[in-house]
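Colleague: I'd like to ask you about the structure that follows.
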Amino acid sequence: MRGERDVLTPEALGLALRDARRAAGLSQSEAAERAQTTRATISAAERGQGGLACRVLLDLARVYGCAVRLAPRDQNPLLVEVLARASSPDPIIPPCPATR
């Protein structure tokens with residue numbers, strides 16, 4: 001699915017968060033304000049440093065227009081997309097704005 005990627009390390013999560021923030025057109029300060037956290041927290045998360053609280057991760061995903069999903073690594077991405085579309089009441093599921 002476009003905009004999705006495997007995130008298996010803190011550094012990969014940081015890059016995904018940075019890309020999603022940029023795709024949303026937000027500065028770190030703007031994102032921090034909307035997610036009710038600090039710019040330093042966002043900066044550390046984007047560098048793959050520091051412990052990012054689950055609440056902050058979910059708040060950032062919401063602010064960036066993304067979702068946090070856990071899926072088996074060996075799951076076929078095309079199958080995931082087909083199943084998601086089939087179970088969605090909306091025929092078009094917007095992808096996370098982050099790019100690969």
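Nothing in this text is a laboratory measurement; each read-out follows from the coordinates by a stated rule. Keep in mind that what you see is a predicted model, and the values were worked out from it rather than measured. Neighbour counts are summed over all protein chains in view; Cβ atoms, including those assigned to glycine, are modelled from backbone coordinates with ideal geometry.
Colleague: Identify the single condition in (1) loosely packed, with under 13 Cβ neighbours inside 10 Å; (2) in contact with a helix residue (DSSP H, G or I) (Cβ under 9 Å, 6 or more places away or on another chain) that Pro72 does not satisfy, given that it satisfies every other one.
Modeller: Unmet for Pro72, out of (1) loosely packed, with under 13 Cβ neighbours inside 10 Å; (2) in contact with a helix residue (DSSP H, G or I) (Cβ under 9 Å, 6 or more places away or on another chain): (2).
Colleague: Sort through Thr9, Thr41 and tell me the only one that's β-branched (Val, Ile, Thr) and surrounded by 15 or more Cβ atoms within 10 Å (Cβ to Cβ).
Modeller: Values: Thr9 fails: surrounded by 15 or more Cβ atoms within 10 Å (Cβ to Cβ).
One residue alone meets the criteria, Thr41.
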